[in-house]
Every structure is written in structure tokens, then in C-alpha cells.
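Student: Following this message is one structure expressed as C-alpha cells.
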Amino acid sequence: MAYTRAAAFAPATVANLGVGFDVLGLALCEPGDVVIAERRDTPGAAVRLIENDGGILPYEAKKNTACVAAESALRLIGAPSGVWLTIQKGLPSASGLGSSAASAVAAAVAVNALFGEPVERAELLGACLDGEAVASGYHPDNVAPALLGGITLATGLTPAQVHRIPVPDRLHLALVTPNVAVPTAEARAVLPKLVALKAMVTQTAAIAYLLHTIYEQDIVAMGAAMERDGIIEPARAHLMPRLDEARRAAKAAGAYGLVISGAGPSLVAICDDAQQASTVAEALRHVYDTSGIGCTAFATRVSEQGARVISSE
Ligand code: HSE
């Protein structure tokens, strides 16, 4: 069954989980982006309207992550017509919450819904990656959890190379997004091109140990394991205002660990109950509000569902 209009939501995501650079990620319950796809007679995708982006996102089809993902999804499903897109941003750009991935995923899911869901959700991964690549290159650590939900390990770029990791029952998260923009390209440019063998061994052990803690549902150890990143955070720390202070404040409020979310500047703290996560979010808010930077802070959980179709009519 095909429709004339379909809307989809895709959530914010936390990429890397500290030590898992470009391979681990998780989906948040909220916030997220909504994309509405409407049929148009002309082939291909075009942007009708972008809402709540502060006027910074491009309308040009080739430069817009949602539009590129929609084009790719249209090709994948062999769609008989094109689409207009309305993009409702719930996520700030350059914040480390997977904003470009959320738009790309919501667009691909909306396009698939518009034509009666001819392909399985996971098969949309390539289209979502095409969209994400416009903003920050081909890495699936935001796109995969936004599309599929939960915690994901991506060992490559195909659906068969994305693995769902069981989400610990008691996992709660506190997040803060300081009011500074850190473009992903800038945060990637500061990374080392080569790492020493010793650093590689330490990082390999850390990511393996992190996965072990997740499977063991040991949230205390998980928080500590995420912080064992000896390569990415040291190279990026200077781009993240008040990182050390935020980590100290989060831990004093009960968190088990705090790392940069994706390419930053958002930070994510690991907690094991809702009250604790709220307290940690407030402690993080205090750090940025009292320093004059300002921020958005909130407590949430992992979304097992990821993207969802909101309506099709
Ligand atoms: N893994 C990516 C990074 C996420 O840290 O650069 C940002 O898109």
C-alpha cells in the first residue's frame, strides 16, 4: 500500500561510548528529528521546509543529509515518484548527539513508509549512511542505533555488519549539551593519524572489556570502562569546555563514568536509576550555567526501538 504523506521520527544517538570510536553507539529515547515525506511528480527528493534549525541547514539537495538519504532510499526501493521533505529539527547541529544521522534516518524511514515499507528497516542502512556522509563521512556509529535502536556495534557498513548488543536493564543516562558548537569535521581533524602499538593494545583491551561489562549488565564497571579511552578523548579534550569539571561533578552526584558523546561537545554520564540520572543532569547543568556557557541537560534512557513511523496517510 502506498500513501501520499508519511512522517518518521529518528532519535538522538551517542556515538563511540568512550573507547568504541566509530564502532559503538546507542539510541536515546529523546530528543530527535521528524521528517515528513510527501509525494511529488518529479523524480528525486527536494526539501520543502526546514524547521527549528536556526536557518543554518542547506536546502540544496546534494548538501542536505535528509535529502541525500531520501534520494538513496528512493533508488533502493525503485520508487515510481519523487518526494518533498519537511524536516523538523529537534536536535542542534554540531552538538555530538547525531543530528545529521537523525535527519538522514528519519528521511529514509519516512520514504520507505510512504511507499508501503517495501524494504526491511535494516536494508535502509546504506541510504542513511549516504545521507550522513554529506555531513561527517561514512561511519555507522550514529546511523545504526538511530535506525535500529538499542546499543549497536558496527564492524562494517552493511546491515549484516551491525550487531545489536543487549541493553543493561538498569542503564540510565544523564546528558549535557554545552552552548558551544563543535563541528564533527573539526573534532576529527585533531585526531592522530597514527597510534602507537601500545596505545592500540590498551584501546583494544578497553573496548573488549566494555563489551564484557555490558553483557554482564555491570553498570558500575561499564562507566569506568567507557572512560579508558587513551586516544580520542585526549586529542579532543581541549575542544570540550569544562570537561574535567563536568566529570568531577557528575561523579560527585553519583554517576559511574562520563565521556564525550560522539564528537562532542555533549557529554554523557552513566547511571543506574532514574533519580540518580536526574541528579547528575542537574549537577552537569550547574557546571555550565555557573560558568556562563549555558547548556541543555536532561536524563533519559536507551531507546530499544530507534526510529519509528509516526503516520502514513
Ligand atoms: N564517531 C564519530 C566521531 C561520531 O567521534 O567523530 C561523530 O559523527
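The values are calculated or read from the model by the stated rules, or taken from the named source; none is laboratory data. Bear in mind that the values here come from a model prediction, so they are computed numbers and not experimental data. Here the Cβ positions follow ideal geometry from the backbone for every residue, glycine too, while neighbour counts run over all protein chains shown. We work out accessible area using only protein heavy atoms, side chains counted, and drop any ligands, DNA or RNA first. Shrake-Rupley method; radii C 1.70, N 1.55, O 1.52, S 1.80 Å.
Student: Across the range 236-260, which residue is nearest to the chain's Cα centre (by Cα) among those that are within 16 Å of the ligand (Cβ to nearest atom) and farther than 17 Å from residue 219 by Cβ?
Tutor: Residue satisfying both the conditions and the ranking: 260.
Student: When the residues of the range 125-163 are filtered to those that are charged (D, E, K, R) and either outside the structural domain of residue 44 (by TED's automatic domain parsing) or open to solvent by less than 20 Å² (accessible area, probe 1.4 Å) (or both), which remaining residue is farthest from the ligand (Cβ to nearest atom)?
Tutor: Step one: list which residues in the range 125-163 are charged (D, E, K, R), which gives 130, 132, 141.
Those still in the list that are either outside the structural domain of residue 44 (by TED's automatic domain parsing) or open to solvent by less than 20 Å² (accessible area, probe 1.4 Å) (or both) too: 132, 141.
Details: 132: 8, 141: 5 Å.
Top of the filtered list is 132.
Student: Being among the small types (Gly, Ala, Ser) and touching a Ser or Thr at 6+ places or on another chain (Cβ under 9 Å) is the filter here; which residues of the range 46-73 pass it?
Tutor: 54, 66, 69
Student: Same structure, new question: Filter the range 73-86 down to residues that are buried (at least 24 other Cβ atoms within 10 Å of the Cβ), out of contact with any Asp or Glu (no Cβ under 7 Å at 6 or more places or on another chain) and not small (Gly, Ala, Ser), then give me how many there are. Steps first, answer last, please.
Tutor: So the first thing to find is which residues in the range 73-86 are buried (at least 24 other Cβ atoms within 10 Å of the Cβ), and the list is 73-74, 83, 85.
Now restrict to residues that are out of contact with any Asp or Glu (no Cβ under 7 Å at 6 or more places or on another chain): 73-74, 85.
This time we only want the ones that are not small (Gly, Ala, Ser), so: 74, 85.
Qualifying residue count for the region: 2.
Student: Please verify whether residue 182 is open to solvent by less than 40 Å² (accessible area, probe 1.4 Å), at pLDDT below 95 and assigned by TED's automatic domain parsing to the domain that holds residue 264, treating the condition exactly as stated.
Tutor: Working: open to solvent by less than 40 Å² (accessible area, probe 1.4 Å): yes; at pLDDT below 95: yes; assigned by TED's automatic domain parsing to the domain that holds residue 264: yes.
Yes; evaluated as a whole, the condition is true for this residue.
Student: Got a number for residues in the range 280-301 being touching a strand residue (DSSP E or B) at 6+ places or on another chain (Cβ under 8 Å), of a type in the set (Val, Ile, Thr) and open to solvent by 20 Å² or more (accessible area, probe 1.4 Å)?
Tutor: Looking only at that region, the number is 2.
Student: Within the range 170-185, restricting attention to residues that are in contact with a helix residue (DSSP H, G or I) (Cβ under 7 Å, 6 or more places away or on another chain) and in a loop (DSSP other than H, G, I, E, B), which residue is farthest from the ligand (Cβ to nearest atom)?
Tutor: Only one residue tops the list, namely 170.
Student: Run residue 122 past the list (1) open to solvent by less than 10 Å² (accessible area, probe 1.4 Å); (2) more than 15 Å from the chain's Cα centre (by Cα); (3) aliphatic (A, V, I, L, M) and report the number of the one that doesn't hold.
Tutor: Among (1) open to solvent by less than 10 Å² (accessible area, probe 1.4 Å); (2) more than 15 Å from the chain's Cα centre (by Cα); (3) aliphatic (A, V, I, L, M), the lone unmet condition for residue 122 is (1).
Student: Collect the residues in the range 95-119 that are touching a helix residue (DSSP H, G or I) at 6+ places or on another chain (Cβ under 7 Å) and surrounded by fewer than 23 Cβ atoms within 10 Å (Cβ to Cβ), keeping them in residue-number order.
Tutor: Residues satisfying the conditions are 118, 119.
Student: Does residue 31 fit the bill of being in a loop (DSSP other than H, G, I, E, B), open to solvent by 10 Å² or more (accessible area, probe 1.4 Å) and either away from the ligand (no atom under 16 Å from the Cβ) or of a type in the set (S, T, N, Q) (or both)? Outline the logic, then answer.
Tutor: Details: in a loop (DSSP other than H, G, I, E, B): no; open to solvent by 10 Å² or more (accessible area, probe 1.4 Å): yes; either away from the ligand (no atom under 16 Å from the Cβ) or of a type in the set (S, T, N, Q) (or both): yes.
Here the answer is no, as residue 31 does not meet what is asked.
Student: Residue 307 versus (1) assigned by TED's automatic domain parsing to the domain that holds residue 213; (2) touching a residue at least 12 places away in the same chain (Cβ under 8 Å); (3) away from the ligand (no atom under 16 Å from the Cβ): which is the lone unmet condition?
Tutor: The one condition residue 307 does not meet is (1).
Student: Here's something else I'd like to know. Output the residue which, of all residues in the range 1-28 that are touching a His at 6+ places or on another chain (Cβ under 9 Å) and either part of a strand (DSSP E or B) or β-branched (Val, Ile, Thr) (or both), is farthest from the ligand (Cβ to nearest atom).
Tutor: Checked the range 1-28; the qualifying residue farthest from the ligand (Cβ to nearest atom) is 23.
Student: Starting from residues that are without any contact (Cβ under 8 Å) to a residue 12 or more places away in the chain and outside any loop (DSSP other than H, G, I, E, B), keep the ones in the range 186-204 and report whichever is nearest to the ligand (Cβ to nearest atom).
Tutor: Here the residue is 189.
Student: Only one of (1) touching a residue at least 40 places away in the same chain (Cβ under 8 Å); (2) farther than 26 Å from residue 30 by Cβ fails for residue 180. Which number is that?
Tutor: (2) is the only condition that residue 180 fails.
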